[in-house]
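First the structure, in the form of structure tokens, and then the observations on it.
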Amino acid sequence: MATNKTLLSKGIHYLSGALPLLFIGPAVIYNAFMNQGNGWHYLVLAIGICACIAAMLLMFLGLKTIMKSLFND
């Protein structure tokens, strides 16, 4: 059972893109809730939620790609 190296590296790139978003998203959401008096509260909250959703999507795609490279589906 050989591993497809190009798919494996693509999956690792997806996971490495998700790693900073896993920390940035919750930090931005926390910042939005701390500054509720500001007019930009909802925009900052939306950006934080989008960052969290993007992190989950990139993690799913990365793990799916890595599994595909390991098991040759």
Quiz item: Quick one: what pairs do we get from segment 43-59, first residue in contact (Cβ under 8 Å) with a residue 12 or more places away in the chain and under 14 Å from ALA27 (Cβ atoms), second among the hydroxyl-bearing types (Ser, Thr, Tyr) and part of a helix (DSSP H, G or I), C-beta under 9 Å, 6+ apart or different chains?
Solution: GLY48/TYR30
Quiz item: Filtering segment 1-30 down to residues that are surrounded by fewer than 13 Cβ atoms within 10 Å (Cβ to Cβ) and not in a helix (DSSP H, G or I), which residue is modelled with the lowest pLDDT?
Solution: MET1
Quiz item: Hey, any hits in segment 40-56 for a residue that's assigned to a helix (DSSP H, G or I), within 30 Å of LYS5 (Cβ to Cβ) and hydroxyl-bearing (Ser, Thr, Tyr)?
Solution: no
Self-check item: The listed residue being in contact with a Phe, Trp or Tyr (Cβ under 9 Å, 6 or more places away or on another chain) and either of a type in the set (Gly, Ala, Ser) or over 30 Å from ASN4 (Cα atoms) (or both), out of GLY25, GLY17, GLY37, GLY62
Solution: GLY62
Self-check item: Where a residue in segment 9-20 is under 13 Å from LEU57 (Cβ atoms) and its partner, wherever it lies, is in a helix (DSSP H, G or I) and at pLDDT 95 or above, with Cβ under 6 Å and at least six apart
Solution: TYR14/LEU58; TYR14/LEU61; TYR14/GLY62; LEU15/GLY62; GLY17/LEU58; ALA18/ALA55; ALA18/LEU58; ALA18/MET59
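The values are calculated or read from the model by the stated rules, or taken from the named source; none is laboratory data. Quick caveat, the model's predicted, so the values are computed rather than measured. For neighbour counting, all protein chains shown are included, and Cβ atoms are generated from backbone atoms with ideal geometry for every residue, glycine included.
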